[in-house]
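Reviewing the structure listed below.
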Amino acid sequence: AQSVAQPEDQVNVAEGNPLTVKCTYSVSGNPYLFWYVQYPNRGLQFLLKYITGDNLVKGSYGFEAEFNKSQTSFHLKKPSALVSDSALYFCAVGGARGDYKLSFGAGTTVTVRA
Amino acid sequence: GAGVSQSPSNKVTEKGKDVELRCDPISGHTALYWYRQSLGQGLEFLIYFQGNSAPDKSGLPSDRFSAERTGGSVSTLTIQRTQQEDSAVYLCASSPVTGAKNIQYFGAGTRLSVL
């Protein structure tokens, strides 16, 4: 079995400030973790993933995420947010034994104010 | 095209009517997924196709929902006797190979409104 939780429905930050979007997961095997972003009226777009290796993963548009096995977390971060980062962010987990699907969180709406 | 293409982009229908939603995956991608995105909720897995293998239909919410994939490429999701609770955005994604490790590439979705 596998599941992911995004505890915050919304995150609001000022432009130039650090941005963090939280994600915790549960999976029976080794986790495969993803972040996707969705802009209005668009499909989801891949940002980054963790499969194995370094716990700190760098992705598109200056985003990064840190895999923390002990806390079962995979928080998305950006050191300096831009107004254009305003979007809906989804965390996803896969890797449950015998399952090839991803399970997605409910999403976190990020608003970056100028 | 370069990406996953879905049509129509918007569909308004009356309760009880049947609808067909189309997905054209990225050329060469063998894996194809359908999801449903309801307001305020995450993505709900519906069905998965992988090459010539039998599809995984475990996420289909009722027998009113069905999908097929012809020739290992284009896929059609059919909803029969639509209900108001079927209103949602239906997203299609494709991936070069099967497996949860692989990036999924999403289309822009079909927004279905059942009146």
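The values are calculated or read from the model by the stated rules, or taken from the named source; none is laboratory data. Everything numeric here is computed off the predicted structure, so don't read it as measured data. For neighbour counting, all protein chains shown are included, and Cβ atoms are generated from backbone atoms with ideal geometry for every residue, glycine included. Protein only, heavy atoms only, side chains kept; ligands, DNA and RNA dropped before computing areas. Shrake-Rupley method; radii C 1.70, N 1.55, O 1.52, S 1.80 Å.
Extension gain, residue B:17-residue B:39: 0.36 nm per intervening residue step, less the Cα-Cα distance, totals 5.7 nm. Just checking the listed ones, B:32, B:43, B:91: in the Gaussian network model of chain B with Cα springs under 10 Å, the one fluctuating most is B:43.
Please give me, ordered by residue number, the trypsin sites (Lys or Arg not before Pro) of the stretch A:26-106 that lie in loop per DSSP and have at most 15 other Cβ atoms within 10 Å. Provide the component values of the computation, followed by the final result.
Values: sites: A:42, A:49, A:58, A:69, A:77, A:97, A:101; in loops: A:42, A:69, A:97, A:101.
Passing both the DSSP loop test and the Cβ count: A:42, A:69, A:97.
If you plug the beta carbon distance of residue A:20 and residue B:113 into 1/(1 + (r/R0)^6) with R0 = 45 Å, you get a FRET efficiency near 0.80.
Note on chain A: Cα-only Rg and Dmax are 13.5, 46 Å.
Roughly how large, in nm² to one decimal, is the mean projection of the convex hull of the alpha-carbon atoms in the stretch B:5-97?
Values: hull surface 23.3 nm².
Its average projected convex-hull area is 5.8 nm².
May I ask you to list the residues of the stretch B:71-105 whose amide nitrogen lies under 17 Å from a point 7 Å from Cα along the Cα→beta-carbon direction of residue B:7? Correct set: B:73-78, B:92.
From the cross-link list A:49/B:57; A:78/B:11; A:22/B:57; A:101/B:17, which pairs have alpha carbons spaced over 28 Å apart? Before the final figure, lay out each step's value.
Working: A:49/B:57 26 Å; A:78/B:11 37 Å; A:22/B:57 31 Å; A:101/B:17 31 Å.
The answer is A:78/B:11; A:22/B:57; A:101/B:17.
Net charge dipole, the protein assembly as shown: roughly 100 debye, given to the nearest 20, about the Cα centre with Cβ charges of +1 for Lys and Arg and -1 for Asp and Glu. Computed over the protein assembly as shown, the P(r) curve from all C-alpha pair distances, binned at 5 Å from the origin, holds 1, 7, 14, 18, 18, 16, 12, 7, 4, 1, 0 percent per bin.
Select from the stretch B:1-99 those GluC sites (Glu not before Pro) which occupy a DSSP coil region and have at most 15 other Cβ atoms within 10 Å, ordered by residue number.
On the way: sites: B:14, B:20, B:44, B:68, B:85; in loops: B:14.
When the GluC sites (Glu not before Pro) of the stretch B:1-99 are filtered for loop state and at most 15 Cβ neighbours within 10 Å, B:14 remain.
Just the number, please: buried accessible area between B and A, total of both chains, 1.4 angstrom probe, nearest 100 square angstrom. The B and A chains share an interface burying roughly 1700 Å².
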